[in-house]
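Okay, structure first, notes after.
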Amino acid sequence: MAMLPLPFISCPRMNVLCIDIGNTHTHFGLIEPDGGGITPGKILTRDIARHGTALHREIEASLRSGPEVSGIAFCSVVPKAEERIRGFISSLGGRTPVFQLTRDTLPAFVRLHYPNPGEIGQDRLANVVAAFRYFRLPCIVIDLGTAVTFDVLSDRNGYEGGIIAPGVGAMTEYLHRQTALLPRLDEEFHIEGAIGKSTSQAMKIGCFIGFGGMLEALLQAVREDLAEAGEAEPTVVLTGGTSESLFPAGLKSGNKPGTHGVIRVPDLTLKGLASAFLERISA
């Protein structure tokens, strides 16, 4: 879908309301030009066009803010939600420009070494923008949502590609739906020890330890590929809705002597959206 027309703004030193529409949740927040911002909010994606939500109030406030908010930027992996959010913003009125990050609206500084860039999800594009903007290359961005994505950027070629795997929510939901007695788990994954004393504890341990092991194996494989290509030790950035509850101490890989630790940036996608938008209006 084509981007709505954007007016030229000569000095984009203003906040951007950024919205990341995911399969299950939609995250949002005001991001400042230097990448700072308030604590992001979250609603269920199915409620994206519902009046009275925190997102609704944030959009209304942004539309009323005039020059204090330079625009609304969003990305989406749910096509129906794209139409709903555009219609919702339009129904509220206001002249604040609306920007959607797509392959066609990527900043010029993003280099893609990928056969079919149109296949890359918009949330992944936002993460790639943030990686180029804020971190040294090579870089691996791990986004923990309904699906887990690894996006790999090399120093030589830029964005190389990545990995898509089931997220912890998809795994637990599958167990619940495909079995008669296993319960649906909440989003809290605090465990003590490796032996569950209840069904829910056993499921959480399986997710916490088994899921973490999957991430470690994938990360190690990507590191080896980059090393074989002559790349330096990569920066590893962890983001996404379950990164804090599942990995409060970060991944183990990368914390060995001589390597770089994992950097946690919970609102990385929103920061990437803001960077893309500000680059667009200042070009």
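The values are calculated or read from the model by the stated rules, or taken from the named source; none is laboratory data. Bear in mind the structure is a predicted one, so any value in this text is a computation, not a measurement. As a convention, Cβ positions derive from the backbone with ideal geometry for all residues, glycine included, and neighbour counts pool all protein chains shown.
Being assigned to a helix (DSSP H, G or I) and at pLDDT below 75 narrows it down to one of Gly254, Gly258, Gly241, Gly169, so name that one.
Values: Gly254 fails: assigned to a helix (DSSP H, G or I); Gly258 fails: assigned to a helix (DSSP H, G or I); Gly241 fails: assigned to a helix (DSSP H, G or I).
From the options Gly254, Gly258, Gly241, Gly169, the qualifying one is Gly169.
Which one is nearest to the chain's Cα centre (by Cα) among residues in segment 75-98 that are of a type in the set (A, V, I, L, M) and under 23 Å from Leu268 (Cβ atoms)? I'd like the intermediate steps shown before the answer.
To start, the set of residues in segment 75-98 that are of a type in the set (A, V, I, L, M) comprises 77-78, 81, 85, 89, 92, 98.
With under 23 Å from Leu268 (Cβ atoms) added as a condition, the list becomes 77-78, 81, 85, 98.
Working: Val77: 11, Val78: 14, Ala81: 16, Ile85: 18, Val98: 19 Å.
Once the filter is applied, the top-ranked residue is Val77.
If we scan segment 229-237, do we find a residue that is touching a strand residue (DSSP E or B) at 6+ places or on another chain (Cβ under 7 Å), part of a helix (DSSP H, G or I), within 26 Å of Phe132 (Cα to Cα) and at pLDDT below 95?
no
State which residue is modelled with the highest pLDDT when the search covers only segment 60-86 and only residues that are charged (D, E, K, R) and surrounded by fewer than 16 Cβ atoms within 10 Å (Cβ to Cβ).
Lys80
Need the failing condition index for Leu218 against (1) surrounded by fewer than 21 Cβ atoms within 10 Å (Cβ to Cβ); (2) touching a Gly at 6+ places or on another chain (Cβ under 9 Å); (3) modelled with pLDDT of 80 or more, just the number.
Result: Leu218 fails condition (2) only.
Working only within segment 87-117, note down all residues that are modelled with pLDDT under 90 and part of a helix (DSSP H, G or I).
Gly87, Phe88, Ile89, Ser90, Ser91
Could you list all residues from segment 132-148 that are in contact with an Asp or Glu (Cβ under 7 Å, 6 or more places away or on another chain) and surrounded by fewer than 23 Cβ atoms within 10 Å (Cβ to Cβ)?
Residue satisfying the conditions is Leu137 alone.
Taking into account only those residues within segment 29-47 that are closer than 14 Å to Val69 by Cα and assigned to a strand (DSSP E or B), which is modelled with the lowest pLDDT?
The residue in question is Gly37.
I want to confirm something. Restricting to segment 118-131 and keeping residues that are outside any loop (DSSP other than H, G, I, E, B) and either in contact (Cβ under 8 Å) with a residue 60 or more places away in the chain or hydrophobic (A, V, I, L, M, F, W, C) (or both), which single residue is farthest from Gly87 (Cα to Cα)? Break it down into steps so the answer makes sense when it comes.
Narrowing segment 118-131 to residues outside any loop (DSSP other than H, G, I, E, B): 118-119, 122-131.
Adding the requirement that they be either in contact (Cβ under 8 Å) with a residue 60 or more places away in the chain or hydrophobic (A, V, I, L, M, F, W, C) (or both) leaves 123, 125-131.
Values: Asp123: 20, Leu125: 23, Ala126: 22, Asn127: 26, Val128: 27, Val129: 26, Ala130: 27, Ala131: 31 Å.
That would be Ala131.
In segment 112-126, which residues are in contact with a Leu (Cβ under 6 Å, 6 or more places away or on another chain) and not hydrophobic (A, V, I, L, M, F, W, C)? Break it down stepwise before answering.
First, pick out the residues of segment 112-126 that are in contact with a Leu (Cβ under 6 Å, 6 or more places away or on another chain): 122, 125-126.
Correct list: Gln122 only.
Answer yes or no: is there a residue in segment 149-166 that is of a type in the set (Val, Ile, Thr), touching a residue at least 12 places away in the same chain (Cβ under 8 Å) and surrounded by fewer than 18 Cβ atoms within 10 Å (Cβ to Cβ). Before the answer, list the steps.
To start, the set of residues in segment 149-166 that are of a type in the set (Val, Ile, Thr) comprises 149, 152, 163-164.
Retained after the next criterion (residues that are touching a residue at least 12 places away in the same chain (Cβ under 8 Å)): 149, 152, 163-164.
With surrounded by fewer than 18 Cβ atoms within 10 Å (Cβ to Cβ) added as a condition, the list becomes 163-164.
Yes, there is a match, as at least one residue in segment 149-166 is of a type in the set (Val, Ile, Thr), touching a residue at least 12 places away in the same chain (Cβ under 8 Å) and surrounded by fewer than 18 Cβ atoms within 10 Å (Cβ to Cβ).
Tell me the residue from Val152, Val141, Val168, Val128 that is touching a Phe, Trp or Tyr at 6+ places or on another chain (Cβ under 6 Å) and under 18 Å from Val265 (Cβ atoms), please.
The conditions single out Val128.
Condition first: acidic (Asp, Glu), at pLDDT 80 or above, out of contact with any strand residue (DSSP E or B) (no Cβ under 6 Å at 6 or more places or on another chain) and assigned to a loop (DSSP other than H, G, I, E, B). Can you find one or more residues in segment 189-198 that meet it?
no
From the list Arg50, Arg57, which residue is basic (Lys, Arg), under 29 Å from Gly167 (Cβ atoms), assigned to a helix (DSSP H, G or I) and modelled with pLDDT of 85 or more? I'd like the intermediate steps shown before the answer.
Values: Arg50 fails: assigned to a helix (DSSP H, G or I).
That would be Arg57, the only listed residue that is basic (Lys, Arg), under 29 Å from Gly167 (Cβ atoms), assigned to a helix (DSSP H, G or I) and modelled with pLDDT of 85 or more.
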